[in-house]
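K.L.:
Input: one structure, supplied below.
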Amino acid sequence: MGNCFSNEAAGQSAIGGTAFSQSTTSNVAIDCFLLSRGYRGLYSQIELSVSASNLRDRDIFSKSDPMLVIYIKGKDGTLEELHRTEVVQNSLNPKWIHKLNITYQFEVVQTLVFFVYDVDTQYQNLGVKMLKLDEQQYLGEATCVLSEIVTQSDRSLILDLVYREESTSSSSPRHCGKLTVHAEECVSSKTTMEIILRCSDLEHKDLFSRIDPFLVISKSVESKGSIPICKTEVIKNDLNPTWKSIFLNMQQVGSKDIPLIIECFNFNSNGKHELIGKVRKTLVELEKLSFSGEGDSLFLLPSAGHDYHNKALKSQLFVDKFLESGQQTFLDYLAGGYEMNFMVAVDFTASNGNPRLRDSLHFIDPSGRPNSYQQAIIEVGEVLQFYDSDKRFPAWGFGARPIDGPVSHCFNLNGSSHYCEVEGTQGILMAYTSALHNVSLAGPTLFGPVINNAALIASQSLANGARKYFVLLIITDGVVTDLQETKDALVKASDLPLSILIVGVGGADFKEMEVLDADKGERLESTTGRVASRDIVQFVPFRDVQGVSMVQALLAEIPHQFLTYVRSRDVQPNSRSSYQTA
């Protein structure tokens, strides 16, 4: 995950898989554009190996002949088969040789289900794919989330096998053995190419408007045409732009001989970016351009009814740098003991509407259907909880008047005056529901106090030497009132191990909020003129883009920001995390 960046600090810590560069922005218009073209978040290639111990013996004259079947569980509970191992004959402690290669995604909860079967002797001459599972003897099953495996110090997780056909009256089911699942990150996830791209003489049809160019790099895929794997930052008003370094790894590209499509677009805030031109080059060809110093002309496809030849442009693409190296990965830091700590702040201003009325954004539906606030908490919390060992999450509210008190712009969601933490995502939801009955909605919308509180926790953790990175989720229905105070707080917090996700709910016009997301490469500046050391904010309105959750898209950027932080401070993962496979 996180292998393509447009700033050096983050790029030098590329972690494998498909990713998009984030120098100072995750522009919503570009992100939506890329999502519509097939981008589905970051990933890293993982190899899972499994062994079992003390399996039940279902054979009379010999030991069981176990086979493992691995499924992934969808949100609706359906199981999709991913892998079958070989059959290990006559063993209650098998170590299966056949391994599962799976794509790890930080922003997705990937629930794995393992079924163990004793394969009857009469079927062992068949290939495992031909076996009918209902004809084999069921030995037990186990479930875990992929995140639980990769966050272990040795990337190994021991699971209890459960025999679901046991009598439900039994308080403790019969011992069915254990599974040990071990994850290794493919070494190709660590092989990274740093590339600096430049264009000259960009052509623009409209002479009276400016051009704000950015690049999208896609991989050619026979079945799907192309899939975007990287983007640069937007450079404002420049016909001869030089973009910051991008980092591609071999895992995402496949090989140096696979064609890449490099497209240059003129940025448009409505997401309808104008294609200026493109080139089609392999990594080998890009490396040659770097050595020669020569450029390659951009082209456009012919319009319908015109000559079938591509239209060559005077605009050219240059490769100013091409450097191949190995890099530490996000998973290395997780295995080295780093944790992600979740924090949340909820907007209780009066503009949300009376919580007792159905048109309120805070209305609690008796049917159990979550409102937008609840849904955002669930979507972010269910992912981040696996990266936090104690699962105690600070939770605040703002913009409300507690019973018999003045308006508070940062109060503990659990109602306590002494501590702000709750137990797990469910604890946040319970505290949120309880707060709706114990506060009066008020205003205005101020972010500064909650950001400062989160920054204080991150600062104290850093001072204590903890290996923790904090993620604050702010959910709001309106534009922030204390914009400059919020900028000041964000600039100060940019030096800390902290990222902030801001989700706008409801139908408000959130355009003014995009400035907090360092839109189009402009870093935040404080009242005193200090500039943020890095971008720590991602903002999106709460909606789906072609079925892809924007909250999920926000989470996909967290590894980028984490790596920007640790690499800029030369923080190294512990040596115990150096597990990898060819």
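The values are calculated or read from the model by the stated rules, or taken from the named source; none is laboratory data. Since we're looking at a predicted model, the values are computed, not measured. Virtual Cβ from ideal backbone geometry, glycine too; neighbours counted across all protein chains shown. The protein model used for the area step is the full one, side chains on, heavy atoms only, and it has no ligands, DNA or RNA in it. Shrake-Rupley method; radii C 1.70, N 1.55, O 1.52, S 1.80 Å.
K.L.:
Only one of these conditions is not met by F363: (1) modelled with pLDDT of 95 or more; (2) open to solvent by 70 Å² or more (accessible area, probe 1.4 Å). Which number is it?
P.N.:
So F363 meets the others, but not (2).
K.L.:
Sticking with this one: Given T481, T425, which one is polar (S, T, N, Q) and under 28 Å from the mean Cα position of the chain (by Cα)?
P.N.:
T425
K.L.:
Related question: Scan segment 73-97 residue by residue and report those that are open to solvent by 40 Å² or more (accessible area, probe 1.4 Å), touching a residue at least 12 places away in the same chain (Cβ under 8 Å) and in a strand (DSSP E or B).
P.N.:
Result: K73, L79, E81, L82, K95.
K.L.:
How about segment 485-494: which of its residues are of a type in the set (V, I, T) and open to solvent by 40 Å² or more (accessible area, probe 1.4 Å)?
P.N.:
Result: no residue meets the conditions.
K.L.:
Report, by residue number, each residue of segment 456-484 that is surrounded by 21 or more Cβ atoms within 10 Å (Cβ to Cβ), part of a loop (DSSP other than H, G, I, E, B) and touching a Phe, Trp or Tyr at 6+ places or on another chain (Cβ under 8 Å).
P.N.:
Scanning segment 456-484 gives a single hit, V480.
K.L.:
Within the bounds of segment 295-308, is there any residue that is touching a strand residue (DSSP E or B) at 6+ places or on another chain (Cβ under 9 Å) and crowded, with 20+ Cβ neighbours inside 10 Å?
P.N.:
Yes, segment 295-308 contains a residue that is touching a strand residue (DSSP E or B) at 6+ places or on another chain (Cβ under 9 Å) and crowded, with 20+ Cβ neighbours inside 10 Å.
K.L.:
Related question: Take the residues in segment 160-183 that are open to solvent by less than 50 Å² (accessible area, probe 1.4 Å) and in contact with a Phe, Trp or Tyr (Cβ under 7 Å, 6 or more places away or on another chain); name whichever of them is modelled with the highest pLDDT.
P.N.:
Within segment 160-183, the match that is modelled with the highest pLDDT is L179.
K.L.:
Looking at (1) of a type outside the set (G, A, S); (2) open to solvent by less than 20 Å² (accessible area, probe 1.4 Å); (3) in a helix (DSSP H, G or I), can you tell me which one T445 breaks?
P.N.:
Every listed condition holds for T445 apart from (3).
K.L.:
Inspect all residues belonging to segment 299-314 and state whether any of them is touching a helix residue (DSSP H, G or I) at 6+ places or on another chain (Cβ under 6 Å), in contact (Cβ under 8 Å) with a residue 12 or more places away in the chain and either of a type in the set (F, W, Y) or closer than 30 Å to T481 by Cα (or both).
P.N.:
No, segment 299-314 has no match at all.
K.L.:
Filter segment 368-406 down to the residues that are among the β-branched types (V, I, T) and within 21 Å of the chain's Cα centre (by Cα), then identify the one that is most open to solvent (accessible area, probe 1.4 Å).
P.N.:
It comes out as I378.
K.L.:
Only one of these conditions is not met by I262: (1) of a type in the set (V, I, T); (2) crowded, with 20+ Cβ neighbours inside 10 Å; (3) more than 16 Å from L215 (Cβ to Cβ). Which number is it?
P.N.:
Only one criterion in (1) of a type in the set (V, I, T); (2) crowded, with 20+ Cβ neighbours inside 10 Å; (3) more than 16 Å from L215 (Cβ to Cβ) is unmet by I262, namely (3).
K.L.:
Here's something else I'd like to know. Does at least one position in segment 117-133 carry a residue that is touching an Asp or Glu at 6+ places or on another chain (Cβ under 8 Å), over 30 Å from A376 (Cβ atoms) and part of a strand (DSSP E or B)?
P.N.:
Yes, the conditions are met somewhere in segment 117-133.
K.L.:
Return the residues of segment 413-453 that are within 25 Å of P366 (Cα to Cα) and without any contact (Cβ under 8 Å) to a residue 24 or more places away in the chain; say none if nothing qualifies.
P.N.:
N414, G415, Q426, M430, S434, H437, listed by residue number.
K.L.:
Evaluate the following for F510: is it in contact with a Pro (Cβ under 8 Å, 6 or more places away or on another chain) and either within 30 Å of R567 (Cβ to Cβ) or modelled with pLDDT of 95 or more (or both)?
P.N.:
So F510 does not fit the description; no.
K.L.:
Does F363 fit the bill of being touching a helix residue (DSSP H, G or I) at 6+ places or on another chain (Cβ under 7 Å) and of a type in the set (A, V, I, L, M, F, W, C)?
P.N.:
no
K.L.:
Which pairs do you get when a residue that is within 27 Å of I378 (Cβ to Cβ), found in segment 460-483, comes within reach of a residue that is of a type in the set (D, E) and in a loop (DSSP other than H, G, I, E, B), reach meaning Cβ atoms under 9 angstrom, with the pair 6+ apart or on two chains?
P.N.:
Sorted first by the residue in segment 460-483, then by its partner, the pairs are K468/D388; V479/D509.
K.L.:
Could you check, for segment 522-532, whether at least one of its residues is of a type outside the set (G, A, S), assigned to a strand (DSSP E or B), open to solvent by 50 Å² or more (accessible area, probe 1.4 Å) and modelled with pLDDT of 75 or more?
P.N.:
Yes, segment 522-532 contains at least one residue that is of a type outside the set (G, A, S), assigned to a strand (DSSP E or B), open to solvent by 50 Å² or more (accessible area, probe 1.4 Å) and modelled with pLDDT of 75 or more.
K.L.:
Among the residues of segment 158-172, is there at least one that is among the polar types (S, T, N, Q) and under 27 Å from I46 (Cβ atoms)?
P.N.:
No, segment 158-172 has no match at all.
Okay, residues lined up against (1) within 15 Å of the chain's Cα centre (by Cα); (2) under 27 Å from I149 (Cα atoms); (3) modelled with pLDDT of 55 or more:
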site: G16; (1), (2), (3): yes, yes, no
site: S23; (1), (2), (3): no, no, no
site: S26; (1), (2), (3): yes, no, no
site: F33; (1), (2), (3): no, no, no
site: S44; (1), (2), (3): yes, yes, yes
site: N54; (1), (2), (3): no, yes, yes
site: K63; (1), (2), (3): no, no, yes
site: G74; (1), (2), (3): no, yes, yes
site: S91; (1), (2), (3): no, yes, yes
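K.L.:
Check segment 304-320 and report whether any residue there is farther than 30 Å from S499 by Cα and assigned by the TED database to the domain that holds G427.
P.N.:
Within segment 304-320, not a single residue is farther than 30 Å from S499 by Cα and assigned by the TED database to the domain that holds G427.
K.L.:
Does E148 satisfy being open to solvent by 40 Å² or more (accessible area, probe 1.4 Å), closer than 30 Å to P573 by Cα and in contact (Cβ under 8 Å) with a residue 12 or more places away in the chain?
P.N.:
Yes.
Conditions (1) part of a strand (DSSP E or B); (2) over 25 Å from V439 (Cβ atoms), marked per residue:
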residue	(1), (2)
E324	yes, yes
L331	no, yes
L334	no, yes
V344	yes, no
R356	no, no
D359	no, no
I364	no, no
R369	no, no
Y373	no, no
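K.L.:
Now for a separate question. Which residue is least open to solvent (accessible area, probe 1.4 Å), if the candidates are limited to segment 63-72 and must be out of contact with any helix residue (DSSP H, G or I) (no Cβ under 8 Å at 6 or more places or on another chain) and assigned to a loop (DSSP other than H, G, I, E, B)?
P.N.:
S64
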